[in-house]
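Single-structure report; data block below.
The values are calculated or read from the model by the stated rules, or taken from the named source; none is laboratory data. What you see is a predicted model; the values in this text were computed from it and never measured. Positions of Cβ are backbone-derived with ideal geometry, glycine not excepted, and every protein chain shown enters the neighbour counts. What goes into the accessible areas is simple: the full protein's heavy atoms, side chains included, and nothing from ligands, DNA or RNA. Shrake-Rupley method; radii C 1.70, N 1.55, O 1.52, S 1.80 Å.
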Amino acid sequence: MSAPLRFRRLGRGWHPCIEDGHDLAGVLDLDEALWIATAAPVGSLRADPVFLACLDTDKDGRIRTDEVRAGIRWLLANLRDPGDIRTGDTTLRLASLPDESRDLLASARLVLERTAAPSSEQVTLDAVRVVRSEEVARGLAEAGCVHPSAAADPDLESFLTHIVETTGGAPHPELTVTAASMAQFLAEARAWTLWHERGAPGADGSHAVVLPLGSVTPAAWNLCQSLSAKVDHYFVLCDAVRLDVRLASYTLPDPTGTDLLDAAATSALLSRAPIAVPRADGRLSLVHGINPAYEAPIAFLLTEVVWPMLGADVDTLDRAAWIGLLARLSAYAGWMAEKPITRVGRRSPEEIKRHSADATLVTRAQALIDASHVTAARIARLEQLEQLMLYQAWMLPFVNSFVSCRDLYDPAARALFGWGTLVLDGRWFNLAVKVPDATRHEGFTKRGALCVMYVEVGDVDEDWEYEVAVPVTAGMRGFLVEGMWGVFVEHGTGHGAGEGRERHARVRKIVVHPISMRDAIFSPFRRLMEAFQGAVDKAGAAEEAAALDKVLASTRLDASPGPVAAAPPPDAPVAAARPAAAAGVLAIAAGAGIALAAISSALAYIGDRFVAAASTIGAWIIALPMVNALPASTIHTVGLAAYPAAVVVVILGMLAVPMLVYLLPVCIAAWLKLRRRDLGSLLIGSGWAVNSRLYISRKVGHMFTEHPSVPRSQRQG
């Protein structure tokens, strides 16, 4: 049985101490209510993606306490000594594997042999991944599935590719061939071959029954189908003419109302007309008297269908001959209706026949399918070896970011939910939590007491990859405003991947709360000065606009038409410009006067408030005891000289008391709000299930927000 975990007070809260692999056993017995977090989305953690995927056993995108416990149990069961579990150590000693882990030991030996280091007693994660990628590249990564690239020769690869093209393949993980898909392919290929052979020419080169015209048959059938309605209508009109010759004049469309100068209207008239002028003998001449709209299709019918099937001396058709042509071509239509529904016909008929009849190809493909079971088992053991090495390197950082959050308060460590460091406004902001849903996250931070910047991170302007929430925990707000640009330095995900990579960063929004006691005290004064400056600017702008309007009005009055005067003296333009210049000076002076008046009014208002506060408490009560405390001889000796000092004391009291009246409640309120600053709200907004508040002290605040100063030894001047 493991020893119970010890707890340490960090940030006004108690956190379990998980120092090494021996403490991991205590996590298994730790009450879940004492875990800092009980669930977290995989996307919020910056760790090796394979490690996170292994922990997320149900693949729902969230890691829970039961999955963490299962991972710890599996890790401890496959190592002799928990002391071998060290943060960032991706090298596994073979002696660390217990006797029960024979498969893992065999996989480690295989890796050492494949990397030309059979005598070594330790294996690295990089070597395991190289060997695993080589096995996967063989195309046999999934049991019972074969990728075409696994074939040893082009013929077998073509056969396997043809199966994938026809059946769609089995996605494990790429499109592969299985025993079932190969059987489906063979059945479809043989059915397609039998169907195709019915339309193949005979040994003597003669056309098959279903293709009486050979390769022209499909085009001939389509043409006859398109002309069928028009030709049948022609023979009906011939019957009417044979009954009464006078009806011949009614077989043509009435051109009344048709603009024959309009090409479209003329074409429509010809399309409605019979294919030829109906004849009483009921025959259709294929040479003379054809409607111009149908000359081209009739010519093709004559040369490619009638002459090959009825003889070169035939140039007319009656109803019986036409029906006979359609009957002979209908065999093609019936054959096409029986065509198997399959994609096997995308290849040439010869290749399809060879793939469906060559038993050697089938035997070799089945051998690869059988071999895939062995290879897949080998790859699975390599994946388990990789998982063990990742757990050895990442389990301690994970539990110290999930179970205890100790790494959050350790300046030398990095919590896995920290995505990087923001450099902005001459400061380092050392904590950044990924934000999957900005609206939800802002809702939690607004209800809290933490000043948070929402920063977009990416490579190119307006093409941001993700967003992070960055808390401001020390100093003052300073020049932090929305829209500022900075640099975001990403943390890595292990093995140097992405470590120290710099990205563009831009502040999208700031949720404002007190940052420090000094910031809380001076914040009202800053807002007052901003409002005061705005009022002065507004008043000055209004007065300047009014003065400018007066100048323009005066100029318009001077320019109004009047009686023609004598020629002005040479200095007249200068004299005329003086009123306008004087008006501009007056406008400037008026604006300055308004600004001065606004400042005087503000100062007078502040002075009145101070005097009112001092008179309320009785400022003389402060000064009189001081005077009365002096000996009588001193008062008599000093005389009137003591009164100026008393006046100074009274004035200082009048200034100090209102300041104390203001500062005392402000300081108390700021202190209470600063004590409520909780980093847990950042995690809750990102989808974490958090049990405990992650309060920050003044020391911790300066750890997350650093303001480096220039070293004294490097200062000049």
Relative packing of 125-134, 381-390, which averages over residues the other C-beta atoms within 10 Å, highest first: 381-390, 125-134
Sorted on mean Cβ neighbours within 10 Å (highest first), peptides 39-52, 206-219 come out as 39-52, 206-219
Is any residue of segment 149-167 close enough, with backbone N under 16 Å, to a label point placed 7 angstrom from the Cα of ALA183 along the Cα-Cβ axis, and if so, which? 167
Order 259-269, 107-117 from most to least packed using the mean count of other Cβ atoms within 10 Å. 107-117, 259-269
Would you calculate the separation in nanometres between label points at ALA539 and SER554, each defined as 7 Å from the Cα along the Cα-to-beta-carbon direction? 2.4 nm
For GLU465 and SER149, compute 0.36 nm times the residue count separating them, minus their Cα-Cα distance, and round to one decimal in nm. 110.3 nm
Using a Förster distance of 56 Å, the FRET efficiency for ARG138-LYS699 (Cβ separation, nearest 0.05): 0.50
With THR161 itself left out, Lys, Arg at +1 and Asp, Glu at -1 over residues whose Cβ is under 13 Å from its Cβ give -3
Whole-number accessible area per residue in Å² for segment 96-204, which is evaluated in the context of all protein chains at 1.4 Å: 50 Å²
With a 1.4 angstrom probe the carbon and sulfur portion of accessible area for segment 79-237, in percent, totals 55 percent
Distance between segment 148-198 and segment 52-100 - C-alpha centres, whole angstrom: 41 Å
Fully extended contour minus Cα-Cα distance, from ALA371 to PHE532, at 0.36 nm per residue: 49.7 nm
So, taking all protein chains as they sit and a 1.4 Å probe, how much accessible area belongs to ARG12, in Å² rounded to tens? 80 Å²
Pseudo-spin-label distance ALA219 to GLU100, built 7 Å along Cα→Cβ, given in nm, is 7.7 nm
Given the Cα-Cα distance of LYS446 and ALA229 and 0.36 nm per residue of separation, how much length would full extension add, in nm? 70.4 nm
Excluding ligands, DNA and RNA, what is the solvent-accessible area per residue of segment 273-412 at a probe of 1.4 Å, expressed in Å²? 44 Å²
